[in-house]
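Below is one structure; the comments refer to it alone.
The values are calculated or read from the model by the stated rules, or taken from the named source; none is laboratory data. The model shown is predicted, which means the values in this text are computed figures rather than measured ones. Note that each Cβ is placed from the backbone with ideal geometry, even for glycine, and that neighbours are counted across all protein chains shown.
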Amino acid sequence: MDESALMDIAGNTDRPDWQASRLAELVLHLTGCSADEALVAVGAAAEPPVLTNEDALERVARAIVRLRH
């Protein structure tokens, strides 16, 4: 998946995975990784479907740590 495809997915809030896609987009820009790496690091399926702000922040932080190792 390329960066523009990820941004298209992330912009569609009707999708059940929109929040994970937005978080992956943030991780992509913060780390410079590929879109696929960002999606895997964030976890494509968000559990629960809508994360709180604290959970979203934690998920991004964990994704960045995963990508650095």
Restricting region 1-32 to residues that are closer than 17 Å to Ala56 by Cβ and of a type in the set (Asp, Glu), the residue that is modelled with the highest pLDDT: Glu25
Test: residue in region 38-47 that is modelled with pLDDT under 70, not aliphatic (A, V, I, L, M) and not in a loop (DSSP other than H, G, I, E, B): no
